[in-house]
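Engineer: Pasting a structure here, questions to come.
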Amino acid sequence: MYNGMLHLHSVLRWIILILLLVCLYKSFVDKAKPFTSSHRKAGMILMICADIMLLLGFYQWFAGDWGLKSIQNNGLSVVMKNSGLRFFAIEHLILMLVAIILIHIGYSFAKKNVPDVTKHKRTLLFYGLSLLIILIAVPWPFRDVGAGRTWFPGM
């Protein structure tokens, strides 16, 4: 079950990245136009996918060997000294939480009664920051912490 959740977590990463790019593109191209329901719906779908990803990540952090068990088995001081252990036990979790909070903040501006230009600017800001943090926090195959991982799960 853990491997299935890990693969789902990896696939959902691509969906969230694509949705973030779609939301950013829509707000950037339409920044002088009205903020429509399609903008809100894209943001809502992004937020829902991010929340599902968060739940999958919490499961992995509590059930897997790289999160809580790593801290319990090695001690926090050992985990903090090892970059690989620290990445999965602390850095990945915190950065992704911040990214999901930014997605929620960006979506909350889509519902506020403010001018449409402000909605576009705020969603661009918060979704853009979220995208940047996610790109930093993903264990890509070309990074040391992602060594041995594939671009697509199961391949």
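The values are calculated or read from the model by the stated rules, or taken from the named source; none is laboratory data. It should be emphasised that the depicted structure is a prediction, and the values quoted were computed from it without experimental measurement. Because the Cβ atoms are built from the backbone with ideal geometry, glycine has one as well, and the counts that use them run over all protein chains shown.
Engineer: State whether one or more residues within the stretch 99-107 are crowded, with 18+ Cβ neighbours inside 10 Å, part of a helix (DSSP H, G or I), of a type outside the set (A, V, I, L, M, F, W, C) and in contact (Cβ under 8 Å) with a residue 24 or more places away in the chain. Steps first, answer last, please.
Structural biologist: Let us first name the residues in the stretch 99-107 that are crowded, with 18+ Cβ neighbours inside 10 Å, namely 99-100, 102-103, 106-107.
Of the ones still in play, those that are also part of a helix (DSSP H, G or I) are 99-100, 102-103, 106-107.
Applying the additional criterion that residues be of a type outside the set (A, V, I, L, M, F, W, C) yields 106-107.
Filter again for in contact (Cβ under 8 Å) with a residue 24 or more places away in the chain, leaving 106-107.
For the stretch 99-107, residues crowded, with 18+ Cβ neighbours inside 10 Å, part of a helix (DSSP H, G or I), of a type outside the set (A, V, I, L, M, F, W, C) and in contact (Cβ under 8 Å) with a residue 24 or more places away in the chain: present.
Engineer: Looking only at the stretch 122-148, count how many residues are over 15 Å from Leu21 (Cα atoms) and surrounded by fewer than 16 Cβ atoms within 10 Å (Cβ to Cβ).
Structural biologist: 9
Engineer: Of the residues that sit in the stretch 1-56 and are of a type in the set (Ser, Thr, Tyr) and part of a helix (DSSP H, G or I), which one is farthest from Thr118 (Cα to Cα)? Give the steps one after another, and end with the answer.
Structural biologist: Taking the stretch 1-56 and keeping what is of a type in the set (Ser, Thr, Tyr), we get 2, 10, 25, 27, 36-38.
Next cut, part of a helix (DSSP H, G or I) only: 2, 10, 25, 27, 37-38.
On the way: Tyr2: 42, Ser10: 33, Tyr25: 16, Ser27: 10, Ser37: 16, Ser38: 17 Å.
Looking at residues that are of a type in the set (Ser, Thr, Tyr) and part of a helix (DSSP H, G or I), I get Tyr2.
Engineer: Separate question: Going by the structure shown, is Ile94 under 16 Å from the mean Cα position of the chain (by Cα), exposed (fewer than 14 other Cβ atoms within 10 Å of the Cβ) and closer than 28 Å to Leu24 by Cβ?
Structural biologist: Details: under 16 Å from the mean Cα position of the chain (by Cα): yes; exposed (fewer than 14 other Cβ atoms within 10 Å of the Cβ): yes; closer than 28 Å to Leu24 by Cβ: yes.
For Ile94, the condition - under 16 Å from the mean Cα position of the chain (by Cα), exposed (fewer than 14 other Cβ atoms within 10 Å of the Cβ) and closer than 28 Å to Leu24 by Cβ - is met.
Engineer: Additional query: When you go through (1) more than 27 Å from Gly4 (Cα to Cα); (2) free of Cβ contacts under 8 Å to residues at least 60 places away in the same chain one by one for Ser70, which number turns out not to apply?
Structural biologist: Every condition holds for Ser70 apart from (1).
Engineer: Can I ask one more? Only one of these conditions is not met by Val114: (1) in a loop (DSSP other than H, G, I, E, B); (2) touching a residue at least 60 places away in the same chain (Cβ under 8 Å); (3) hydrophobic (A, V, I, L, M, F, W, C). Which number is it?
Structural biologist: Of the numbered conditions (1) in a loop (DSSP other than H, G, I, E, B); (2) touching a residue at least 60 places away in the same chain (Cβ under 8 Å); (3) hydrophobic (A, V, I, L, M, F, W, C), the odd one out for Val114 is (2).
Engineer: Would you point out the residue of the stretch 60-91, among those that are among the small types (Gly, Ala, Ser) and under 21 Å from Phe142 (Cα atoms), that is surrounded by the fewest Cβ atoms within 10 Å (Cβ to Cβ)? So that I can check it myself, show each step before the final result.
Structural biologist: Step one: list which residues in the stretch 60-91 are among the small types (Gly, Ala, Ser), which gives 63-64, 67, 70, 75, 77, 83-84, 89.
If we keep only those that are under 21 Å from Phe142 (Cα atoms) too, we end up with 83-84, 89.
Numbers: Ser83: 10, Gly84: 15, Ala89: 22.
The qualifying residue surrounded by the fewest Cβ atoms within 10 Å (Cβ to Cβ) is Ser83.
Engineer: Please tell me if Phe88 is part of a helix (DSSP H, G or I), among the aromatic types (Phe, Trp, Tyr) and modelled with pLDDT under 90. Lay out the reasoning, then the answer.
Structural biologist: Values: part of a helix (DSSP H, G or I): yes; among the aromatic types (Phe, Trp, Tyr): yes; modelled with pLDDT under 90: no.
No.
Engineer: How many residues are under 18 Å from the mean Cα position of the chain (by Cα) and closer than 17 Å to Val145 by Cβ if we restrict to the stretch 46-65?
Structural biologist: So the count comes out to 3.
Engineer: Would you mind finding the one in Lys69, Lys31 that is modelled with pLDDT under 90 and over 22 Å from the mean Cα position of the chain (by Cα)? Give the derivation first.
Structural biologist: Details: Lys69 fails: modelled with pLDDT under 90.
Result of the check over Lys69, Lys31: Lys31.
Engineer: With the condition kept exactly as written, say whether any residue in the stretch 50-58 is within 30 Å of Ala32 (Cα to Cα), buried (at least 17 other Cβ atoms within 10 Å of the Cβ) and in contact (Cβ under 8 Å) with a residue 40 or more places away in the chain.
Structural biologist: Yes, the stretch 50-58 contains a residue that is within 30 Å of Ala32 (Cα to Cα), buried (at least 17 other Cβ atoms within 10 Å of the Cβ) and in contact (Cβ under 8 Å) with a residue 40 or more places away in the chain.
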